[in-house]
Amino acid sequence: MLGTFCVLSAGVQRAWSSSSCLFMDPSSPGLVLQSQSTDVFQNLALEDWIDAHVDLQQRSVLLLWRNRPTVVIGRHQNPWAECNLPAMRSAQVPVARRRSGGGTVYHDLGNLNLTFFASKKAYDRRRNLKVVTDALRRVRPQLDIQATDRLDILLNGHYKISGTASRLSRKSSYHHCTLLHSADRSAIAVLLRPSCPGIRSNATPSIPSPVANLSDHAPSLQWEELLEAVVQQYSSEFGLTSSSQCVDPADEALFPGVGSMEAELRSWEWTFGKTPKFSVETQLELRDERPAARCSAQLQLEVKNGRVESCRVEVPATWLPERLSASLAQALLGERFCPHRAAAALSALLRCESGPLHSRLHNLCDVLVAAMG
Amino acid sequence: MAAVTRRSFSALRVLLTQQYRRRSFGPQNLRLSRTESAPSRWAASLQTSCNRTLQTTVERRRPVVQFKLSDIGEGIMEVTVKEWYVKEGDRVSQFDSICEVQSDKASVTITSRYDGVIRRLYYEADATALVGKPLVDIETESASELSQEDVVETPAMAREEHTHQEIKGHKTQATPAVRRLAMENNIKLSEVVGTGKDGRILKEDILNFLAKQTGAILPPAPLFQEVQTPGPAAAPPLSAPAAVRPPPAAPRPVFTGKDVTEPLKGFHKAMVKTMTAALKIPHFGYCDEVDLSRLVLLRSELKPVAERRGIKLSYLPFFIKAASLSLLHFPILNSTLDEGCQNITFKASHNIGVAMDTSQGLLVPSVKSVQLLSVFQVAQELTRLQALGAAGQLGTAELSGGTFTLSNIGSVSPPGFPTPTRSDPVRPLCVSISDRRDVCQAGHSSSRGRHRSAGENPGWFQNRLKCWSRPGSTLQAGSQGGHERPQLEAVKLFQLRATNPPEDENLI
């Protein structure tokens, strides 16, 4: 499937050995690239690379890419509030933070990503979206396709098939959008919900919308046909003469330095550490087996830069002595807001305690860890 | 005296601009030229006022510029400030990032237009900023920013201030990151030669300076500098050899010779408590060597079988199973004492923990109910725990409930024979595979045991396995002597067990 993604592009395929050949062709004011990779971090790194290193004053670039199942959050969002991290872990769906703003999206191989690179002066998102809507209208005139004020593209006035986000730097800009061709909508419902209850934050929230796939309403529209249509429309809108090229985002020779950009995007510090400060306030339900008893406790956490900055566990003194719940709260300070890190820190504490309180303490640890997603 | 005064006055006047002369002296000028009585008094007051205006001149040379939020395009009038990269007092260079703002799904990085010092931030994080209104105040300092001042001659009188101005005029330029690096290493930026634009000091300059000072090895200079983006026609293309660079070498440590203090947090802080508690328990040490040659052969036979089932078979599953078998005969080694040392609980399940070095630190997940598992099943469980440990995903279920622990300290020989001491917090059973040419050494085990092992039952462990056991948290002080026997028995039991043929289905 990946091979066909590249081979069926318009025009002749040329082998590029260095980025100078790729970006230096003075004859054309535009360039269309297709990424060979389905790894979200490699593709995001390629976006960064193009934004940083290609002179966009004289030309614009369109990058077409798609990813294996991933959840992508916006620059200033909170991953714990936006997506269900435990479910994603078991489904092996990674989370990535992009550099542009906006909300959370679910990517998979049925979703086409388009990135329009231009200089800051030539930054025009409506013009870019017009390329997409005109292309769709050309190949399937019977579809009702409209771009909204919020820069979404709606199908039949109701279903969202595309969302937009963009990033502006000193001299350059890029605007990227999704296009749902044949994505797995059930996964969206399962994965795009909070990881843990009680999160309060000022991070950019996502606005959920009903979505639809193009293939549901136009079953005959093939992936390759969609790509062709978009490339042709882009060429006519931006006055392109050269053909589209396949590139490998991991090719360090072609894109020197892209590897370190990819590494930064993969790092915990970027994905989780860049979360704006937030707090968690929730009730914990504790129980004991022998004798059977129940109790409620309050948990209050402040998380800054992805790490626990302050923690308060209020357990009734009749259930557990205050020193124990206080030492539990102490053990979490400075650790990443992560159930595994919490488990490690709390297990170390549990080993010191024994006796009748041990099972209650163990239960409190389990419930605490579960509250962290 | 009058002549001296007149000369000094004219020298001072040269220093000052028209502006200040007019402002400060005005009528005094005329008065001075007319009246030459009491020249010393005038000279003194003139000097003070000159000094004062000189100081004013110095301050006025550093204007504070209001850096306004520029137009983002698309008619957007307000944005939300999301993250500040600088704070008041930070030094910035032109093009350094100042903050990140967001508007309508666009994330924008605002970069500085000037070199200087941040004097005021107009917004907090999450506040709404208006386009065209001030965002930050920057006190600029680069000479080109200032208006033209005439500093032609340097008279003897004011040489100090003038030199002071000169140094200030050529204040060193460096990004906040470079300044931090210099500060951490106690380096004065004025001593470093800058090789960047306008004499700006780069990170490499600091590292070179450090290397000269300490003779330390430096990390290699970054291979990827600012790439010259190719212009449409005139600029030279990115040369092919430059584009194909070798991957950067791993950074080598730089010795800075400075103490660093950090607060102890989270897991490490909890471990302090655990290890201190462990020290309250009396320790008992015992060391023995076991010959493992037949085990080696057995493992090499079984390894491909295991690999076909996707399991990497090491020696550890064998040791874990052997420990469990001996615990069946000596359940006291699988017990706990309560707080007041009143009661001893014999644990039914053999949950054998294995010390693991992970990114989070030393963790001890346990294999549960080893008494019910075969060697192969133990190997499977170990593989699962190791994968979780490597991914940093061990949970409370895996990390708690251990009753007996094994530590593989690798192929390092334990230093001599361990003397049981209270201050050495070693895990209950250490195992190390040592050099195959060593002659079997005796520990506390009597030679009787050794002969028996050599003669009767070469057993499972036939390569020079140094067994070194400490009962750790399960036994009481004062009964050390009494428990020595069971351990000896336990070791010999490993050897005895080995007579079971490898085809025993319980074990595969």
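Per-residue answers, yes or no, for (1) of a type in the set (Gly, Ala, Ser); (2) facing another protein chain (nearest Cβ under 10 Å):
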site	(1), (2)
A:284	no, no
A:312	no, no
A:323	no, no
A:337	no, no
A:347	yes, yes
A:369	no, yes
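Criterion first (assigned to a helix (DSSP H, G or I), more than 30 Å from residue B:126 (Cβ to Cβ) and not assigned by the TED database to the domain that holds residue A:48) does residue A:294 satisfy it?
For residue A:294, the condition - assigned to a helix (DSSP H, G or I), more than 30 Å from residue B:126 (Cβ to Cβ) and not assigned by the TED database to the domain that holds residue A:48 - is not met.
How many residues are open to solvent by 20 Å² or more (accessible area, probe 1.4 Å) and in a loop (DSSP other than H, G, I, E, B) when one looks only at region A:39-73?
Here the count works out to 7.
Hand me the list of strands (runs of 3 or more DSSP E) wholly inside region A:154-196 holding 3 or more residues that are assigned by the TED database to the domain that holds residue A:79 and either closer than 19 Å to residue A:127 by Cβ or touching a residue at least 60 places away in the same chain (Cβ under 8 Å) (or both).
A:164-168, A:172-180
Name, by its number, the condition in (1) over 17 Å from residue A:174 (Cβ atoms); (2) more than 14 Å from chain B (Cβ to nearest Cβ) that does not hold for residue A:104.
The single condition residue A:104 does not satisfy is (2).
Filter region A:194-224 for residues that are at pLDDT 90 or above and open to solvent by 60 Å² or more (accessible area, probe 1.4 Å) and give the result.
A:194, A:200, A:210, A:216, A:217, A:219, A:220, A:222
Step by step: first the residues of region B:67-96, then only those that are of a type in the set (Gly, Ala, Ser) and closer than 18 Å to residue B:140 by Cβ, then the one that is least open to solvent (accessible area, probe 1.4 Å). Which residue is that?
Across region B:67-96, the extreme among qualifying residues is B:93.
Does residue A:154 count as under 24 Å from residue B:103 (Cβ atoms) and open to solvent by 20 Å² or more (accessible area, probe 1.4 Å)?
Spelling it out, residue A:154 is indeed under 24 Å from residue B:103 (Cβ atoms) and open to solvent by 20 Å² or more (accessible area, probe 1.4 Å).
Going by what's in this entry, would residue B:45 be described as at pLDDT below 50 and either open to solvent by 30 Å² or more (accessible area, probe 1.4 Å) or within 13 Å of chain A (Cβ to nearest Cβ) (or both)?
The answer is no for residue B:45.
Considering only region B:281-296, how many residues are closer than 18 Å to residue B:317 by Cβ and surrounded by 23 or more Cβ atoms within 10 Å (Cβ to Cβ)?
3
What number of residues within region B:369-400 satisfy the criterion of being among the charged types (D, E, K, R), away from chain A (no Cβ under 14 Å) and crowded, with 18+ Cβ neighbours inside 10 Å?
Of the residues in that region, 1 qualify.
Residue A:328 is checked against (1) more than 8 Å from chain B (Cβ to nearest Cβ); (2) part of a loop (DSSP other than H, G, I, E, B); (3) surrounded by 17 or more Cβ atoms within 10 Å (Cβ to Cβ) and fails just one. What number does that condition carry?
Result: residue A:328 passes all but (2).
Helices (runs of 4 or more DSSP H) wholly in region B:256-356 with at least 3 residues that are within 30 Å of residue A:310 (Cβ to Cβ) - which ones?
B:266-279
Could you grab me the full set of residues in region A:219-252 that are assigned to a loop (DSSP other than H, G, I, E, B) and more than 27 Å from the chain's Cα centre (by Cα)?
A:219, A:220, A:239, A:240, A:241, A:242, A:243
Just name the residue that is most open to solvent (accessible area, probe 1.4 Å) out of those in region A:103-148 that are farther than 20 Å from residue A:73 by Cα, in a strand (DSSP E or B) and out of contact with any Phe, Trp or Tyr (no Cβ under 8 Å at 6 or more places or on another chain).
Result: A:146.
Can you find a residue that is modelled with pLDDT under 90, among the small types (Gly, Ala, Ser), under 30 Å from residue A:335 (Cβ atoms) and open to solvent by less than 40 Å² (accessible area, probe 1.4 Å) anywhere in region B:354-362?
Within region B:354-362, one or more residues are modelled with pLDDT under 90, among the small types (Gly, Ala, Ser), under 30 Å from residue A:335 (Cβ atoms) and open to solvent by less than 40 Å² (accessible area, probe 1.4 Å).
For region B:325-340, what are the residues that are under 13 Å from residue B:404 (Cα atoms) and either in contact (Cβ under 8 Å) with a residue 60 or more places away in the chain or within 14 Å of another protein chain (Cβ to nearest Cβ) (or both)?
The answer is B:325, B:326, B:327, B:330, B:332, B:333, B:334, B:335, B:336.
Under 6 Å by Cβ, and 6 or more places apart or on different chains, what pairs join a residue from region A:214-239 that is in the same structural domain as residue A:138 (by the TED database) with one that is open to solvent by 50 Å² or more (accessible area, probe 1.4 Å)?
Filtered contacts from region A:214-239: A:215/A:182; A:224/A:8; A:239/A:29.
Which one is nearest to residue A:60 (Cα to Cα), of the residues in region A:253-271 that are aliphatic (A, V, I, L, M), within 14 Å of chain B (Cβ to nearest Cβ) and outside any loop (DSSP other than H, G, I, E, B)?
This residue is A:258.
Restricted to region A:62-76, and to residues that are out of contact with any Gly (no Cβ under 7 Å at 6 or more places or on another chain) and within 14 Å of chain B (Cβ to nearest Cβ), which residue is nearest to residue A:246 (Cα to Cα)?
So the residue we want is A:72.
For region B:287-343, which residues satisfy the criterion of being farther than 18 Å from residue B:377 by Cβ and either acidic (Asp, Glu) or not assigned by the TED database to the domain that holds residue B:407 (or both)?
B:288, B:289, B:291, B:301, B:338, B:339
Per-residue answers, yes or no, for (1) in contact with an Asp or Glu (Cβ under 9 Å, 6 or more places away or on another chain); (2) more than 28 Å from residue B:199 (Cβ to Cβ); (3) at the interface with chain A (Cβ under 10 Å from one of its Cβ atoms):
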residue: B:65; (1), (2), (3): yes, no, no
residue: B:68; (1), (2), (3): no, yes, no
residue: B:74; (1), (2), (3): yes, yes, yes
residue: B:86; (1), (2), (3): yes, no, no
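How many of the residues in region B:260-289 are in contact with a Cys (Cβ under 6 Å, 6 or more places away or on another chain) and either of a type outside the set (Ser, Thr, Tyr) or in contact (Cβ under 8 Å) with a residue 12 or more places away in the chain (or both)?
4
Go through region B:104-129 and count every residue that is in a strand (DSSP E or B), in contact (Cβ under 8 Å) with a residue 24 or more places away in the chain, within 23 Å of residue A:171 (Cβ to Cβ) and open to solvent by 10 Å² or more (accessible area, probe 1.4 Å).
Counting residues in region B:104-129 that are in a strand (DSSP E or B), in contact (Cβ under 8 Å) with a residue 24 or more places away in the chain, within 23 Å of residue A:171 (Cβ to Cβ) and open to solvent by 10 Å² or more (accessible area, probe 1.4 Å) gives 1.
Can you tell me which residue within region B:130-150, out of those that are outside any strand (DSSP E or B) and either at pLDDT 90 or above or touching a Leu at 6+ places or on another chain (Cβ under 7 Å) (or both), is surrounded by the fewest Cβ atoms within 10 Å (Cβ to Cβ)?
Top of the filtered list is B:132.
The values are calculated or read from the model by the stated rules, or taken from the named source; none is laboratory data. This one's a predicted model, so the numbers in the text were calculated from it and none came from an experiment. Because the Cβ atoms are built from the backbone with ideal geometry, glycine has one as well, and the counts that use them run over all protein chains shown. Just so you know, the surface numbers come from the protein's heavy atoms only, side chains and all, with ligands and any DNA or RNA stripped out. Shrake-Rupley method; radii C 1.70, N 1.55, O 1.52, S 1.80 Å.
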